[in-house]
Amino acid sequence: MSQEVRSGNAHAQFRVFVPDAVSPSGLAPLLGDPRFHVEMAPRASAEQLARAVDDCDALIVRSTVRVTRELLGRARRLRVIGRAGVGVDNIDVKAATERGIAVLNAPAGNTVSAAELSFALMLAIARKVPAADRSIREGEWARSRFAGMELLGKTLGLVGLGRIGTEVARRGRAFGMRVIAYDPYLAADRAEALGVERASFEDLLAAADFISLHVPLTEATRGLIGEAELGRMRATAFLINTSRGGVVDEPALVRALEAGRIAGAALDVFATEPLATDSPLRAAPNLVLTPHLGASTAEAQESVAIEIAEAVRAALLEGDLSRAVNAPAIGGEALRRLRPLLELARRLGRLGCALAGGPVHAVEIGYAGAAPEPLRPLSASAAEGLLADIVGAEEVNFVNALYLAEARGIRVGWAQLPRRSDYAEYLEVRVDTEGGSTRVCGALLGEGHPRVVRIDDYHVDVVPEGTLVVLRNRDVPGVIGRVGTLLGSLGINIAEYHQARLSAGGEALAAVSVDGILPPDALNALRALPEIFDARQAALG
Ligand code: NAD
């Protein structure tokens, strides 16, 4: 085997096998510790890999090695798989979860590289660098064809202001740009500290000279930039996407570029990767394409290696799984008994986030019931639900939720409430935002059947399943009929409709359980009904 033994302590407590080319300096947190025996074999054959997996505690891979169900079937003592990078598509996460193996990733290490690529693309399209390069190599000297645009004084519109968006914002400010951002979960003080103005999505589309996308792929961001949004952009504006392929509707972008409806675009990520050789994107005008290079720098590779080596170390030594992308069965019987309550907490967290609809500062979980010491796990579940639409459902789980909440500055508190006479098992989730607080309460009825029993001051009784649409409306006759007719005309089936009011003729709240997810147009159509003040939805699963 072309194997380099880096840490030759055969009596070490933990064996770590690294079958991919991971930078040795990045593995320093493991190599410098005698408790770890690290074997690096970047060119290991499938057979060698299978033999090594049989006898190691941790595997560290990049994207080349495929960790299949079959391979995991050989693992007798494997507890952790570390992915030096973000995507875990090369790992059969389901099979790992079934075997109680934690899959960890390193989401932060490539932030600067991804931000710099976004900037490289912005400059490349503004100054037409790739097209000018192609032209001069073809023997031309076409200076007038490649007149460009300065960044100074222009408006940079960022969609998503998390790790990468923040770094792009800093660079935009350094270039003398006005930076605006649309991020429904962005707190005012954070934006202010960065010198970024918060904007609505509509205003950002209309105002930005450059729109750069930095969102996770979620139900809300899939197809976020489509025909209508491209139509609202300025004809002189550029679009840059280094986030995830599904966020931009590619056929709509091709049409917009061909029709000259926007000035240009740059894409590093695609709905399907690798990009098909016959993809119409390859022939679209004013478009710069790169093959998912966001994290492809020596520095990013090293920093993700350090990040994953530290995560694997903490997982093996301390059982710290806060970087896990899966939630292997942990906690045994006690946690299994809590499962219906945990599931209710997760759904209430998701509902609370959807209804709060703004930057979340804090979430408080209250529990009244018979379970012993449930508060921390219930809070983790509620935080998991709360974060699903903020960081992406596949990024957050029961294990890493409290860590991710803390990393985003969201305080999570919990309290035991006095036992109640109406519900034996009762949960409250309060979500605090700049605009105020939203409270959603649930209970387990009978043999553990979950219900949402309260939304703010309204008593409701709905099963937290599928998609829950919550309407605030005037309590006048005919509303239910109009909502039903509208949803029916859009082909949306109503499973349950629960109307609650505080007093006759005042404001009312409807909790409507529907099949499928409402497209943004359907939500807007509901909001446009004269009796409706607000309409929001939560995909509860
Ligand atoms: P992050 O979780 O730190 O930030 C994402 C931000 O998006 C958050 O602030 C969140 O509040 C915001 N957001 C969530 N839903 C939104 C919505 N509907 N509208 C507007 N904003 C919304 O993530 P990050 O590390 O900054 O990564 C951003 C994206 O870049 C991810 O999709 C990630 O997969 C991708 N990425 C790509 C590369 C590459 O090689 N091109 C490298 C690293 C990361």
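About its Cα centre, how strong a charge dipole does the chain have in debye, to the nearest 20, once Lys and Arg get +1 and Asp and Glu get -1 at the Cβ? Kindly include the intermediate steps, with their values, before the conclusion.
Numbers: 59 positive and 66 negative charges, 93 e Å.
With Lys and Arg at +1 and Asp and Glu at -1, about 440 debye.
Can you tell me the mean projection area, over all orientations, of the convex hull of the range 111-289's alpha carbons? Units nm², please.
Working: hull surface 40.8 nm².
Mean shadow area of the hull around the Cα atoms is 10.2 nm².
Just the number: Rg to Rh for the chain, Cα atoms, Kirkwood Rh, two decimals.
Values: Rg = 25.6 Å, Rh = 25.6 Å.
Ratio of gyration radius to Kirkwood radius for the chain: 1.00.
Using the charge dipole of the range 328-456 (Lys, Arg: +1 at Cβ; Asp, Glu: -1 at Cβ; taken about the Cα centre), state which of TYR367, ALA424, SER381 has its Cα farthest towards the positive end.
So the residue we want is ALA424.
Let me check I've understood the local charge: for CYS56, count other residues with C-beta under 13 angstrom from its C-beta, Lys and Arg +1, Asp and Glu -1. What total comes out?
On the way: positive: ARG15, ARG51, ARG74, ARG76, ARG77, ARG79; negative: GLU39, ASP54, ASP55, ASP57.
Net charge in that neighbourhood comes out at +2.
Which value results for Rg/Rh of the range 338-383 when Rg is the Cα radius of gyration and Rh the Kirkwood radius based on the inverse mean 1/r?
Working: Rg = 10.9 Å, Rh = 11.0 Å.
Checking Rg against Rh, the ratio lands at 0.99.
Which translational diffusion coefficient, to the nearest whole µm²/s, is obtained for the range 328-456 from the Stokes-Einstein equation, given a Kirkwood hydrodynamic radius over C-alpha pairs, 4 °C and 1.567 mPa s? Please list the in-between numbers first.
Details: Rh = 14.4 Å.
After rounding, the answer is 90 µm²/s.
Can you give the extra length, in nm with one decimal, that the chain gains between LEU289 and ASP133 once fully stretched, where that is 0.36 nm per residue apart less the Cα-Cα distance? Walk me through the intermediate numbers first.
Numbers: separation 156, 0.36 × 156 = 56.16 nm, distance 1.42 nm.
This chain segment gains 54.7 nm when fully extended.
May I ask you to work out the translational diffusion coefficient for the range 185-288 at 4 °C, viscosity 1.567 mPa s, via Stokes-Einstein with Rh from the Kirkwood sum over Cα pairs, reported in whole µm²/s?
Values: Rh = 14.3 Å.
It diffuses with D of about 90 µm²/s by this estimate.
How much length, in nm to one decimal, is gained on full extension between ASN493 and LYS94, taken as 0.36 nm per residue of separation minus their Cα-Cα distance? Spell out each step's value before the answer.
On the way: separation 399, 0.36 × 399 = 143.64 nm, distance 3.17 nm.
Between ASN493 and LYS94, full extension yields 140.5 nm more.
Would you calculate the convex hull of the Cα atoms in the range 465-541 and tell me its volume per residue in Å³? Please list the in-between numbers first.
On the way: hull volume 5.9 nm³, N = 77.
That works out to 77 Å³ per residue.
What is the local net charge at GLY245, summed over the other residues whose Cβ is closer than 13 Å to its Cβ (Lys, Arg +1; Asp, Glu -1)?
So the surrounding residues net to -3.
Would you mind computing Rg(Cα) / (2.2 N^0.38 Å) for the range 360-410, counting N as its residues? If you can, show how the numbers build up before the last one.
Values: Rg = 11.1 Å, N = 51, 2.2 N^0.38 = 9.8 Å.
Normalised Cα radius of gyration, the range 360-410: 1.14.
Please report Rg over Rh for the range 227-334, where both radii come from the alpha carbon positions and Rh follows the Kirkwood definition. Walk me through the numbers on the way to the answer.
Details: Rg = 20.2 Å, Rh = 17.0 Å.
Result for the range 227-334 is an Rg/Rh of 1.19.
Output the relative contact order of the range 465-541, whole-number percent, from Cα pairs under 8 angstrom with separation of 6+ residues.
49 percent
Scan the chain and note any complete DSSP helix (H) whose C-alpha atoms cover at least 24 Å along its axis and whose Kyte-Doolittle average is -0.5 or more.
Working: long enough: 298-318 (29 Å, 0.54); 339-356 (25 Å, 0.38).
Those that pass (Cα extent of 24 Å or more, hydropathy at least -0.5) are 298-318, 339-356.
Which distance in nm do the two modelled labels at HIS459 and GLU219 give, with both placed 7 Å along the Cα-to-Cβ direction?
Each label point is offset 7 Å from its Cα along the Cβ direction, giving 2.9 nm.
Determine, for each peptide in 416-425, 149-158, 268-277, the mean count of other beta carbons within 10 angstrom over its residues, then list the peptides with the highest first. Kindly include the intermediate steps, with their values, before the conclusion.
Details: 416-425: 11.8, 149-158: 19.1, 268-277: 15.0.
With the highest mean Cβ count within 10 Å placed first, the list reads 149-158, 268-277, 416-425.
Report the FRET efficiency, 1/(1 + (r/R0)^6), for ALA147 and ARG170, where r is their Cβ-Cβ distance and R0 is 30 Å, rounded to 0.05. Could the numbers behind the result be given before it?
Details: r = 28 Å, r/R0 = 0.95.
For R0 = 30 Å, the calculated efficiency reads 0.60.
Jot down the per residue volume, in cubic angstrom and as a whole number, of the convex hull over the alpha-carbon atoms of the range 164-207. Before the final figure, lay out the partial values.
Working: hull volume 2.9 nm³, N = 44.
It comes to 67 Å³ per residue, whole-number rounded.
Every number here is computed from the coordinates shown, using simple stated rules; none is lab data. Treat the numbers as computed from the prediction; the structure is a model and nothing was measured. Every residue, glycine as well, gets a Cβ built from its backbone with ideal geometry; the counts of neighbours run over all protein chains shown.
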